[in-house]
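Below is one structure, written out as C-alpha cells; comments come after it.
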Amino acid sequence: MSALRVYGLIGLFALSGAAASAQPLKGVYVLPDAFEIGLTLSKVKMPAGTMLRQVESDSKLKVCSEAITVFQLGIPYGRACLFDDDGDGTFDRVAGSSLAGPKRLKAPLPYHAVEISSGGAQSSKAP
C-alpha cells in the first residue's frame with residue numbers, strides 16, 4: 001500500500017482540527033459528512049470520509065472520488081466528481097463521471113483539505 005494511501009486512510013479517522021505544524025497534502029480532500037444524490041440514470045453515494053483527488057478544470061476546484069461512488073441500477077459504475085465553482089470551501093455541482101455534465105446541488109456541500117502533520121494525516125477546514 002502506498003504511503004499516500006496510508007496517509008489518506010489515517011485522515012479518514014482524524015477529522016479533528018489540524019496541528020499547528022500541519023502541511024496541506026496537495027490536491028487531496030475529504031467529505032466530512034455522507035452525501036447521496038440521484039442523477040439522470042445513476043445515483044451518487046459518498047460515505048463520510050470519502051477521499052477526493054483534484055483534477056484539471058476551469059472551476060476553482062474540481063475533484064473526483066478515488067473509490068467507486070456512482071451506481072446504475074444498483075451496480076457499481078464509476079467515480080463521481082464535485083465542483084467548487086467559487087472557491088468558498090463548499091461544492092456547488094456534482095457529475096456522475098469526469099466527462100459527464102455536472103448538476104447544480106440544492107445546498108452547498110462542505111469539504112476539508114487533508115493535511116499531514118507530525119501525528120499523521122488530518123482533515124482541516126477547506127481553503
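Observations, loosely collected:
- Which listed residue is aliphatic (A, V, I, L, M), in contact with a strand residue (DSSP E or B) (Cβ under 9 Å, 6 or more places away or on another chain) and more than 13 Å from SER98 (Cα to Cα), from ILE68, ILE37: ILE37
Rundown of residues vs (1) in contact with a helix residue (DSSP H, G or I) (Cβ under 7 Å, 6 or more places away or on another chain); (2) closer than 23 Å to LYS62 by Cβ; (3) surrounded by fewer than 17 Cβ atoms within 10 Å (Cβ to Cβ); (4) modelled with pLDDT of 85 or more, yes/no style:
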site	(1), (2), (3), (4)
PHE13	no, no, yes, no
SER21	no, no, yes, no
GLY27	no, yes, yes, yes
VAL30	yes, yes, no, yes
ILE37	no, yes, yes, yes
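- Tabulated pairs, the stretch 31-45, first touching a residue at least 40 places away in the same chain (Cβ under 8 Å) and over 10 Å from GLN72 (Cβ atoms), second among the polar types (S, T, N, Q) and assigned to a strand (DSSP E or B), C-beta under 8 angstrom, 6+ apart or interchain: PRO32/SER123
- Tally of residues being within 13 Å of the chain's Cα centre (by Cα) and of a type outside the set (D, E, K, R) across the stretch 26-84: 29
- ASP58 being part of a loop (DSSP other than H, G, I, E, B) and either at pLDDT 90 or above or among the polar types (S, T, N, Q) (or both): no
- Cβ separations smaller than 7 Å between residues 6+ apart or across chains give the following pairs from the stretch 89-108 residues that are farther than 13 Å from LEU31 by Cα and in contact (Cβ under 8 Å) with a residue 60 or more places away in the chain to residues that are assigned to a loop (DSSP other than H, G, I, E, B) and not β-branched (Val, Ile, Thr): LYS103/LEU39.
- Residues that are in contact with an Asp or Glu (Cβ under 7 Å, 6 or more places away or on another chain) and among the aliphatic types (A, V, I, L, M) within the stretch 70-107 comprise just one, LEU105.
- Just one of the listed residues (ALA107, ALA113) is aliphatic (A, V, I, L, M) and either at pLDDT 95 or above or under 18 Å from GLU36 (Cα atoms) (or both), and it is ALA107.
- Selected residue (only one of GLY74, GLY78 is in contact with a strand residue (DSSP E or B) (Cβ under 7 Å, 6 or more places away or on another chain) and small (Gly, Ala, Ser)): GLY78
The values are calculated or read from the model by the stated rules, or taken from the named source; none is laboratory data. Quick caveat: nothing in here was measured; it's all calculated off a predicted structure. Please note: Cβ atoms are built from the backbone with ideal geometry, for glycine as well, and neighbour counts cover all protein chains shown.
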